[in-house]
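This report concerns only the one structure given below.
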């Protein structure tokens, strides 16, 4: 189940409640300032979440807001408490819907929930109840389902420092396409990487993935000019 499918489920459950007239997923402050809201309403914000290979779950940490207007004409403590009570009941109803067995065939819900109350936090004269909840879906870490082309990693050279050496060069951007290193004269270049790309030795350059090496002078010719900060890795003996 994707995040989009989770949000669709959350919306359907919220709007199935006869007292909730509006649902929104996103930034609550931005929507309340610019949107046309019908109260009572339900807003869902997503917080920092987690992918767990240990639990095989993707865990979405959500803040679910329930809001309603205070009666301006009779704005008393009693009226505020009435609204808070109603919103608390909505939060309780919503957790009951989420935890109903028919809604949990592909969702995992945590079992205890933090409630916070807000008075006139937003532009309208509203009371808000915020419910913090974790909704998790299965994560199989299945490489076969990933829409990616084949990934080939360069072969790993066992490094014996008596035989094989590793040299790192960071380009200044002034080299053009030629690098000269006297320390590499007469050396055997086993592999040469430009960033994470393995370059191919050749006599006649025809591609940006190729290079030409003059072992007598330590000169390397490349298929394109260097930019400042580009990194070359020489593995040689």
Which of 16, 49 has the fewest Cβ neighbours within 10 Å, and the rest in rising order: 16, 49
Inter-part distance where region 183-199 and region 5-82 are each reduced to a Cα centre, Å: 57 Å
Sorted by Cβ neighbour density within 10 Å, fewest at the top, the residues 174, 138: 174, 138
Proxy reagent accessibility, fewest Cβ within 10 Å first, across 23, 66, 222: 23, 222, 66
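Each reported figure results from applying straightforward, stated rules to the coordinates on display, with no laboratory input. In this text the structure is predicted, and so the values were computed from the model without any measurement. When we count neighbours, we look across all protein chains shown, and the Cβ atoms used for this are built from the backbone with ideal geometry, even at glycine.
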